[in-house]
1. Give the relative contact order (percent, whole number) for region A:137-231; include only Cα pairs under 8 Å separated by 6+ residues.
2. Give the long-range amide H neighbours of B:GLY271: residues separated by 5 or more places, or on another chain, with amide H under 5 Å away, using H modelled in the peptide plane at 1.01 Å from N.
3. Using modelled amide H (1.01 Å from N, peptide plane; none on Pro or chain starts), what sits under 5 Å from the amide H of B:MET137, excluding residues fewer than 5 places away?
4. With equal scatterers on the alpha carbons only and no solvent term, can you work out the Debye log10 of I(q)/I(0) for region B:113-197 at 0.25 1/Å?
5. At q = 0.21 Å⁻¹, what log₁₀ I(q)/I(0) does a Debye calculation on the Cα points of region A:47-105 give, no solvent, two decimals?
6. Given chain B, report the % of alpha carbon pairs whose separation exceeds 35 Å.
7. Just order A:184-195, A:18-29 by mean Cβ neighbour count inside 10 Å, highest at the front, would you?
8. Count charges around B:ASP70 for me, please; just the other residues with Cβ under 10 Å from its Cβ, Lys/Arg as +1, Asp/Glu as -1.
Amino acid sequence: MEMHFDQHISRQFNEDLESLKTEMLEMGGLVTRQVADAVEALANADSELAEKVLQVEEEIDRCEMEVDEHATLIIAKRQPAASDLRMVMSVIRIARDLERVGDEASKVAKMAIALTDEGTAPRGYTEIRHIANAVRKMLNDALDAYTRFDVKSAMETLAEDEQVDMDYRSAVREMITYMMEDPRSISRVMNVLWTLRSLERIGDHAKNICEQVVYLVKGADIRHGNEKNMR
Amino acid sequence: MNTMTLNAGEAVPAENKATKLAAEPPSVKNQAVKKPEEIAGTVGSPFCDEAKLRMRNVNVFYGETQAIHDVSLDIGRNQVVAMIGPSGCGKSTFLRCLNRMNDTIEGCRVEGELTLDGEAIYGSKVDVVPLRARVGMVFQKPNPFPKSIYDNVAYGPKIHGIASRRAELDEVVENSLRRAGLWNEVKDRLDKPGTGLSGGQQQRLCIARAIAVNPEVILMDEPCSALDPIATARIEELIDELRENYTIAIVTHSMQQAARVSQRTAYFHLGKLVEVNDTETVFTNPQHELTEAYITGRFG
């Protein structure tokens with residue numbers, strides 16, 4: 001079934017749904033920027049940029065609350081059904097995932113500050129760079145699939161999470177090797193591990209967003225490995 | 001490096017259409033109107049295993065005009081089936097076939113197979129009076145008899161010979177009023193006229209009157225459309241309780257009501273049964289675009 005959110009008899013309803021979606025996507029833009037900045041701050045030992053990420057974090061929290069409030073108002077005023085209801089539900093869920101991506105970006109920014117302070121030669125940055133690129137692409141593609149109601153692209157993006165998880169595990173093994181080789185590096189490598197962990201989580205959230213694309217378009221809840229629910 | 005591409009132009013492809021819509025009157029946009037012949041068959045699951053009422057290939061005509069086109073539907077035992085659809089879609093006409101209320105309309109012709117527990121509703125030997133006792137009806141506007149509350153409920157059992165002695169009648173009246181959730185409000189004024197009650201109370205009196213004759217099926221034609229939200233909530237609560245003992249078909253214009261009270265929902269459009277599904281499915285993920293358009297308030 002095609003998705004049309006601009007054909008309600010009530011024009012106000014069209015506008016409410018449209019602006020709800022736009023708000024969430026703008027939040028998505030902000031969060032994507034945060035991830036990019038946090039990774040950038042880490043790579044370039046730029047603690048100023050890292051501080052900026054921590055400040056913008058508050059704005060993201062505010063976005064989530066606004067999206068929630070507007071979604072609640074739509075439910076109260078319009079009692080949305082079918083695809084409208086799925087739109088509202090998916091926006092609420094995605095906003096929550098985006099907020100958590102924002103939290104992970106902040107954690108990466110904090111690690112950037114900690115690692116900059118230590119000032120020793122970076123190890124594990126190649127792995128960080130690699131996984132960061134993969135999850136940033138996932139996040140972009142997931143939001144893009146949502147704007148285009150593109151289930152196929154969402155499923156493709158969703159599948160990329162497996163590779164990210166594998167890369168994460170192998171990076172963790174490598175970091176353990178470093179720590180065994182040089183116990184003095186443990187505290188610094190732990191920071192790298194936390195960063196990797198945060199990035200891996202961002203991949204999970206991008207995956208959740210993809211699942212909401214499927215929910216919105218197909219009405220199928222495929223979360224927690226229930227892809228069989230897709231018609 | 002991926003740059004963020006979710007700018008307004010790309011993120012919101014629907015925006016252009018919305019702006020265009022604002023410039024044109026809705027009627028111009030409304031080109032998606034379907035003709036009856038364009039709706040092929042019924043999607044979803046119109047049949048069920050334990051059918052109390054079974055309708056197959058039902059056609060209804062008012063003179064030359066065909067009001068119902070080839071509708072097949074089962075209504076399961078102890079189930080609430082909601083019938084929804086825009087005005088003039090045939091849902092009330094279809095409901096009225098189930099206890100032959102259409103017989104009273106001149107020029108109305110019903111074709112097809114309609115059975116209640118396997119017995120033909122339109123059989124030549126069927127007496128409509130006991131049929132309508134088995135298949136009771138509650139109407140849009142509460143219509144108590146201009147009699148006392150007691151007599152409103154006792155009238156049916158008396159004429160159907162269900163109860164005749166005063167003690168028996170007292171029991172039937174009390175039971176029916178209790179099941180309709182009205183007893184506590186009226187027990188001290190049973191001799192007062194039914195028309196003196198509030199709208200919600202009158203409707204519950206009509207439900208008590210309908211259940212006093214031990215029906216098996218209750219048909220409700222927009223039973224809450226003249227009631228306030230509190231009275232409506234009471235009736236909806238009642239419908240859920242009545243389901244234990246009766247099979248219920250309800251026509252309603254309130255989508256939320258259909259979603260709240262029914263287990264299955266049937267969507268009618270231009271005399272055709274477009275979709276029947278579990279109520280949950282209809283309201284979260286309808287299978288037919290016309291159902292989707294109707295329940296979400298879109299042009300369709």
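1. Computed value for region A:137-231: 36 percent relative contact order.
2. Here B:GLY90 satisfy the definition.
3. Residues meeting the amide H criterion: B:LEU219.
4. -1.27
5. Values, matching the q order: -0.77.
6. On the way: 12361 of 44850 pairs.
Taking all Cα-Cα pairs of chain B, the fraction more than 35 Å apart is 28 percent.
7. A:18-29, A:184-195
8. Numbers: positive: B:ARG56, B:LYS272; negative: B:GLU111.
Its environment carries a net charge of +1.
Every number in this text was worked out from the coordinates using simple rules, so none of it is lab data. Remember, it's a predicted structure, so these values are computed and weren't measured experimentally. All Cβ positions, glycine included, derive from the backbone under ideal geometry; neighbour counts span all protein chains shown.
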